[in-house]
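Contents: one structure, followed by commentary.
The values are calculated or read from the model by the stated rules, or taken from the named source; none is laboratory data. Since the structure is predicted, the reported quantities are computational estimates derived from the model, not experimental observations. Cβ placement follows ideal geometry from the backbone for every residue including glycine, while neighbour counts extend to all protein chains displayed.
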């Protein structure tokens, strides 16, 4: 693996296809832009040649800040190794030097595999993880969008959200996710909610349901669930069974939030 240092115009540099981070903190970029404007870009970014352009391997934030403060050229290391080597550098830059959200990490893994840059085993080796963990990142992206959003925003842990992702009733799942975020629910609590929801399902649906994700906490002896009206967490044996359609459940929740 070799690298050549060059001064390259910003209009010849573009973002990499496998950028892990979905968004940048504007304040951090502004602060970095001020610093670069005063003393220049001390740490060159890493790029690779692609046609007449250069694609960023590492240094997306530095590139964005340099562009923001009006620089025309910046120092770059041009990576001349294989694409898999370049991807491993991007993984290290994103995973080990910045705090990616779980969703950003999953997107990065999924893009690398879908674009046939690395296979499951190569990604596992590059990220120092098991093959099962890599597969779990791909599976995570199949979760409902409302569950993915609260995980990306850091409002709920992946383990707690994994149980809510298995609740197929969208109205009831939204109700549960709101309660989970408000109460800071743990994986143990959401596993109990999932069990309670399955207990309300017709027997044939409950029997055919997917098992809880591997590694989920042991369920408490008495499952708990939030009250439909007040949202307080109660033991399911202390709650009354109310037969209501999703539309009416949504109406009650909307009235309660006003």
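Step by step: first the residues of segment 116-129, then only those that are surrounded by fewer than 18 Cβ atoms within 10 Å (Cβ to Cβ) and within 19 Å of residue 158 (Cβ to Cβ), then the one that is modelled with the highest pLDDT. Which residue is that?
129
Quick one: which of 113, 74, 103, 45 is under 30 Å from residue 178 (Cβ atoms) and modelled with pLDDT of 80 or more? Can you show your working first?
On the way: 113 fails: under 30 Å from residue 178 (Cβ atoms); 74 fails: under 30 Å from residue 178 (Cβ atoms); 45 fails: under 30 Å from residue 178 (Cβ atoms).
None of the others qualify; the one that does is 103.
Among residues belonging to segment 134-153 that are modelled with pLDDT of 90 or more and closer than 15 Å to residue 182 by Cβ, point out the one that is surrounded by the most Cβ atoms within 10 Å (Cβ to Cβ).
Going through the qualifying residues, I end up with 150.
Could you check how many residues of segment 50-82 are surrounded by fewer than 14 Cβ atoms within 10 Å (Cβ to Cβ) and in a strand (DSSP E or B)?
2
Is it the case that residue 179 is at pLDDT 90 or above and surrounded by 20 or more Cβ atoms within 10 Å (Cβ to Cβ)?
no
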